[in-house]
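Rule-based calculations on the coordinates, nothing more; no lab input. Note that the coordinates shown come from a computational prediction; the quantities given were computed from them, not determined experimentally. Positions of Cβ are generated from backbone atoms using ideal geometry, with glycine treated the same way; all protein chains shown enter the neighbour counts.
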Amino acid sequence: MNHQEILTKTEQYISEKFKNEFSGHDWQHVNRVRKMALHIAKNENCNLFVTEMAALLHDLDDWKLKADDSEINSLSKDWLSKMNVDKQTASQILSVIDTVSFKGAGVETKPKTIEAAIVQDADRLDAIGAIGIARTFAYGGSKNRAIYDPEIKYEMHKDFDSYKKGTGPTINHFFEKLLLLKDRMNTQTAVIIAEKRHIFMENFLEQFFKECET
Ligand code: NI
């Protein structure tokens with residue numbers, strides 16, 4: 001199979017797999033991340049196949065979508081071997097996927113490769129701006145979280161575990177994660193896009209709290 005065939009098959013596999021996913025990590029999210037990663041990649045010197053494959057597979061084994069984290073990356077690993085992707089390329093793709101998920105405000109996941117930097121940026125860009133706002137409330141709803149509770153203050157999570165177990169209202173998530181993302185972009189292309197999306201979220205929050213007070 002050539003790269004194009006593998007990409008097409010992977011797209012079919014992922015879109016089918018995420019068909020009934022409604023917590024903000026649906027196929028449209030994956031497809032936006034893939035397109036954004038390829039857009040960022042235009043300005044970087046990187047392996048396009050690794051970048052696109054990692055973008056397509058980045059949420060497949062995500063801890064947020066699973067009951068426990070016993071099988072780290074096992075679905076992606078199985079899929080890559082089924083597609084006969086050579087060992088070296090497969091391990092590059094898996095290492096990108098490892099870097100991508102956000103593990104709490106105090107936990108730095110610095111990308112080691114340009115491909116990881118690109119896919120991490122693309123995934124983080126999809127968590128902010130108008131899309132980010134919509135996805136955040138969809139995810140909160142899927143976890144039975146309140147939209148807003150003035151009694152519950154937000155908290156900065158120092159480690160992965162406390163972030164994972166967080167149960168606060170969705171609006172707190174803006175302060176715990178989303179407003180921090182603008183300063184955590186790796187590439188110049190993403191920095192510029194993040195800036196605009198960040199301002200949009202700030203305006204949204206300002207209006208939100210204004211409406212809560214009246
Ligand atoms: Ni994602």
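Miscellaneous remarks
- Mean residue ellipticity (222 nm) of the chain, computed from DSSP H runs ≥ 4 via -39,500 (n - 2.57), nearest 500: -18500 deg cm²/dmol
- Ordering L205, H25, Y13 by the projection of their Cα atoms onto the charge dipole of the chain, which places +1 on the Cβ of Lys and Arg and -1 on the Cβ of Asp and Glu, puts Y13 at the extreme positive end.
- Rounded to the nearest 20, the Cβ-based charge dipole of the chain about its Cα centre (Lys and Arg +1, Asp and Glu -1) stands at 200 debye.
- Amide N of the stretch 1-32 lying under 18 Å from the label point, which is placed 7 angstrom from the Cα of D86 along Cα→Cβ: 1-7
- Between H39, I171, S95, the Cα set farthest toward the positive side of the dipole of the chain (charges on each charged residue's Cβ, about the Cα centre) is that of H39.
- Filter on K110/K196; K110/K177; K19/K77; K35/K82; K35/K112 - keep pairs with C-alpha separation over 19 Å: K110/K196; K19/K77; K35/K82; K35/K112
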